[in-house]
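Shown next, in structure tokens, is the structure this report addresses.
Just so it is clear, none of the values below were taken in a lab; they were calculated from the coordinates. Worth saying up front: this structure is predicted, and the values here are computed from it rather than measured. Here Cβ is always computed from backbone atoms with ideal geometry, including for glycine, and neighbour counts include all displayed protein chains.
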Amino acid sequence: MTQSVLGIIGGSGLYDIPGLQHAEWRKVSSPWGEVSDELLFAEIDGLPIRFLPRHGRGHRVSPSHIDFRANIDALKRAGVTDLVSISACGSLKEHYPPGHFVVVDQFIDRTFAREKSFFGAGLVAHVAMADPVSPLLAEACFAAAKAEGIAVSRGGTYLVMEGPQFSTRAESNLYRSWGCDVIGMTNMPEAKLAREAEICYATVAMVTDYDCWHEDHTDVDVAAIIRVMRGNTEKAQRLILNLARGFPKEHPACPIGSDRALEVAIITHEDARDPELIARLDAVAGRVLRRS
């Protein structure tokens, strides 16, 4: 079996976790562009951990300017088998107040200014996204949150908007009418690219506000969000520690095939494939391309 390497992608303060062993920031270059930051290589109880600040340390990169392909490629090059996204989100449901965590299992992608695939002209692939979250990883995140006494719910739909502006009230109410649970700006195309890279993926959405639909919270208050985020970060650190300490040292096969997503996804005939694109895909798709 493959050794488990747990990747965590989220806010900068997330990585100041007591108990990290052999912690070292390392630059991992990607042929896809500029990675948001160096990766923090560390261990927790013998489990290799890779942290990536999604917006860069100091929050330098806006959601629309994150190079998601470079980020996922770098994590793949760093050996990550399982990736947990820790994301601040607005709540679209009354019963998910600020401070509540939601381990989502679905996404609606409303982004429009981002590169969404490693594949394209010269090498076409279509991966399944019906179930975008790897169930074993999501269940482990949920169990870790419960064990730490964190208010958490299992399952829900995350509406991913482009940003960087927050929603209009009409948009917020539209997304509520669709049955969405939380709203944020960062998990797409991240989840799609993780699937293309055959990395098991799960999201822990940390609620910071009620978006603008709520009659008692009609505007999104950035100062209030930051206050809630500080508390959420401490809870997320405890969740990560608990998750890592109980995580299997050998990567179990994903029951929905997240870790084998490219097995039958590439449809371009070998004679028609672009060698330059193949070279850039050495980390993401090397497992299947080397067999061709």
With +1 assigned to the C-beta of every Lys and Arg and -1 to the C-beta of every Asp and Glu, and no other charges, what is the dipole magnitude of region 150-200 about the Cα centre in debye, to the nearest 20? 200 debye
From the Cα trace of the chain, what convex hull volume per residue do you get, rounded to a whole Å³? 122 Å³
Using just the alpha carbons, could you tell me how many Å³ per residue the convex hull of region 111-180 encloses? 158 Å³
As I understand it, the dipole of the chain uses +1 on the Cβ of Lys and Arg and -1 on the Cβ of Asp and Glu, about the Cα centre. Which of SER4, VAL288, ILE278 lies farthest toward its positive end? SER4
Region 1-94: mean projected area of Cα convex hull, nm²: 7.8 nm²
PHE107's amide H: which non-local residues (gap 5+, or another chain) put their own amide H closer than 5 Å, with H modeled 1.01 Å from N in plane and none for Pro or chain starts? TYR158
Checked against the positive end of the charge dipole of the chain (+1 on Cβ of Lys and Arg, -1 on Cβ of Asp and Glu, about the Cα centre), the farthest of HIS65, SER258, VAL228 is SER258
Which whole-Hz couplings ³J(HN,Hα) result when phi for each residue of region 78-86 is put into the Karplus expression 6.51 cos²θ - 1.76 cosθ + 1.60, θ = phi - 60°, listed in order with x for Gly and Pro? 7, x, 5, 9, 9, 10, 10, 8, 9
Mind checking which of HIS214, HIS100, HIS59 has the largest fluctuation in a GNM of the chain, springs on alpha carbons under 10 Å? HIS59
What pairs in LYS76/LYS192; LYS146/LYS235; LYS146/LYS192; LYS192/LYS235 have C-alpha atoms more than 19 Å from each other? LYS146/LYS192; LYS192/LYS235
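To the nearest µm²/s, what D does Stokes-Einstein give for region 228-292 at 25 °C and 0.890 mPa s, using the Kirkwood radius over alpha carbon pairs as Rh?
Numbers: Rh = 15.5 Å.
Estimated diffusion coefficient is 159 µm²/s.
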Stretchable slack from VAL264 to GLU234, in nm (0.36 nm times residue separation minus alpha-carbon distance): 6.7 nm
In whole Hz, with x marking every Gly and Pro, tabulate ³J(HN,Hα) for region 106-112 from phi via Karplus 6.51 cos²θ - 1.76 cosθ + 1.60, θ = phi - 60°. 9, 9, 10, 9, 10, 7, 9
So for region 52-111, what are the equivalent ellipsoid semi-axes in whole Å, largest first, each being the square root of 5 times an eigenvalue of the Cα gyration tensor? 25, 15, 12
Beyond 21 Å, what share of the Cα-Cα pairs of region 72-225 remains, rounded to the nearest whole percent? 46 percent
Treating only the Cβ atoms of Lys and Arg (+1) and Asp and Glu (-1) as charged, compute the dipole magnitude of the chain about its Cα centre; round to the nearest 20 debye. 400 debye
Might you report the magnitude of the Cβ-based charge dipole of region 169-271 about its Cα centre, with Lys and Arg at +1 and Asp and Glu at -1, to the nearest 20 debye? 520 debye
For the chain, the longest principal axis of the Cα atoms and the Cα long axis of helix 135-147 enclose an angle in degrees, to the nearest 10, of 40 degrees
Farthest positive-ward along region 143-212 dipole, Cα basis, beta-carbon charges - from THR203, ASN173, GLY149: GLY149
Where labels lie 7 Å past Cα in the beta-carbon direction, separation of ASP131 and ARG291 in nm: 2.1 nm
Could you work out the Rg to Rh ratio of region 138-292, with Rh taken as the Kirkwood radius (inverse of the mean 1/r over all Cα pairs)? 1.05
Pull up the DSSP beta bridges for the chain and report the antiparallel fraction as a percent, rounded to 5. 40 percent
List the residues, sorted by chain then number, that are 5 or more residues from TYR201 or on another chain and whose placed amide H is less than 5 Å from its amide H. LEU83, SER134
Based on the alpha carbon coordinates of region 32-155, what radius of gyration and maximum Cα-Cα distance (Dmax) apply, in Å? 16.3, 50
Shape descriptors of region 25-64 over alpha-carbon atoms, Rg and Dmax in angstrom, are 11.6, 36
